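Okay, structure first, notes after.
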Amino acid sequence: MPDVLVVGSANIDHVVEADAFPAAGETILGSSARIGLGGKGSNQAVAAALAGARVAMIARVGADAEGDRVREGLAARGVDVSGVATVEGAVTGTAWITVAAGDNTIIVVAGANHEWPPSGDPLGGTKAAVVLAQLEVPLDVVVRTATHAGDAMFVLNAAPAAELPDRLLARCDVLVVNEHEQAVVAGLPADTPVARAHAELRRRGARAVVTTLGAAGAVVTDADGVVSELPSVPATVVDTTGAGDAFVGALAARLALGDPLAEAARWGTVAGSLAVRAPGAQESYPDPATLRTTARESGISSG
């Protein structure tokens, strides 16, 4: 049985680096281009594996060379890919990413990520300590995943931002959002304070809520209503692509390994801070030794 079972998206990323983002109608020269593995589900699965968990992935890819590349890349990073299914007639999901001045813009073609059976258990009966989902697959798949998670801790990263039904929030043991996402999910103005948004999300059913704040760290409200403000690890930002996924994957891994939520989120801040120091998504994620060393230097004693 895996520690973490990830149900979500798997993409091939096409990344272009430039000095600035082009304006509408403008053509500029890029400084480099590369192809890598991405998709929030895939990114979080890899991050969880690098944080020490046994990880399995359930996803959909096309019957193409890119689908083979996704499987090979995940397996090489320690992720069980027996649940990654091929969808005949569909293309593997693709993301087109522009990186400039440490920030990024992303356009995603969902492809096979949106081709799931219309009913049934997306988990296929697989059990895990933690079931982790995001919103790059159809919402119905996420709802069914939560319903069939059973005794597992269900962690939802509500990204990309979307309005969610209360029946899904009520299945969330841990809801992870950034500042923009928390406002959308909570149905509140964009400038709503974190504490107010957390109170609303918990009122609607989420047991615990984590809001990531980028360089400012994260805020956690656990199932007992205890609030923890967690600082980030200082970092020189090279590329923010996939940093949020590094946070979520490490958080899920540490929850599966028995850490309390605030401690697991501290591991997430370390993983996210390390990820922004190098280009790419999964390529930027810290290896287990670097993650453990940085965690110890940041005052985290477990692991």
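Taken together, the residues in region 226-245 that are at pLDDT 95 or above and within 14 Å of the chain's Cα centre (by Cα) amount to 1.
In region 226-303, which helices (runs of 4 or more DSSP H) lie fully inside it and hold 3 or more residues that are without any contact (Cβ under 8 Å) to a residue 60 or more places away in the chain? Even if it seems obvious, please write down each step before you answer.
Working: elements: 243-256, 261-275, 288-297.
Counting at least 3 such residues, we get 261-275, 288-297.
Scanning region 214-270 for residues that are farther than 23 Å from GLY38 by Cβ and acidic (Asp, Glu) returns ASP222, ASP224, GLU229, ASP259, GLU263.
If we scan region 3-17, do we find a residue that is polar (S, T, N, Q) and surrounded by fewer than 24 Cβ atoms within 10 Å (Cβ to Cβ)? Please lay out each step first, then the result.
To start, the set of residues in region 3-17 that are polar (S, T, N, Q) comprises 9, 11.
Those still in the list that are surrounded by fewer than 24 Cβ atoms within 10 Å (Cβ to Cβ) too: none.
Looking for residues that are polar (S, T, N, Q) and surrounded by fewer than 24 Cβ atoms within 10 Å (Cβ to Cβ), one finds none in region 3-17, hence no.
Looking at ALA262, ALA223, ALA216, which is the one that is modelled with pLDDT under 95 and small (Gly, Ala, Ser)? Quick ask: steps written out before the conclusion?
Values: ALA262 fails: modelled with pLDDT under 95; ALA223 fails: modelled with pLDDT under 95.
The unique qualifying residue is ALA216.
Sort out which residues of region 24-57 are exposed (fewer than 13 other Cβ atoms within 10 Å of the Cβ) and either of a type in the set (Ser, Thr, Tyr) or in contact with a Phe, Trp or Tyr (Cβ under 6 Å, 6 or more places away or on another chain) (or both), and write them in order of number. Scanning region 24-57 gives THR27, SER31, SER32. Hey, any hits in region 191-204 for a residue that's touching an Asp or Glu at 6+ places or on another chain (Cβ under 6 Å), surrounded by fewer than 24 Cβ atoms within 10 Å (Cβ to Cβ) and in a loop (DSSP other than H, G, I, E, B)? Within region 191-204 (the criterion being touching an Asp or Glu at 6+ places or on another chain (Cβ under 6 Å), surrounded by fewer than 24 Cβ atoms within 10 Å (Cβ to Cβ) and in a loop (DSSP other than H, G, I, E, B)), the answer is yes, since at least one residue qualifies.
The values are calculated or read from the model by the stated rules, or taken from the named source; none is laboratory data. This is a predicted model, so every value here is computed, not measured. Reconstructed Cβ throughout: ideal geometry from the backbone, glycine too, with neighbour counts over all protein chains shown.
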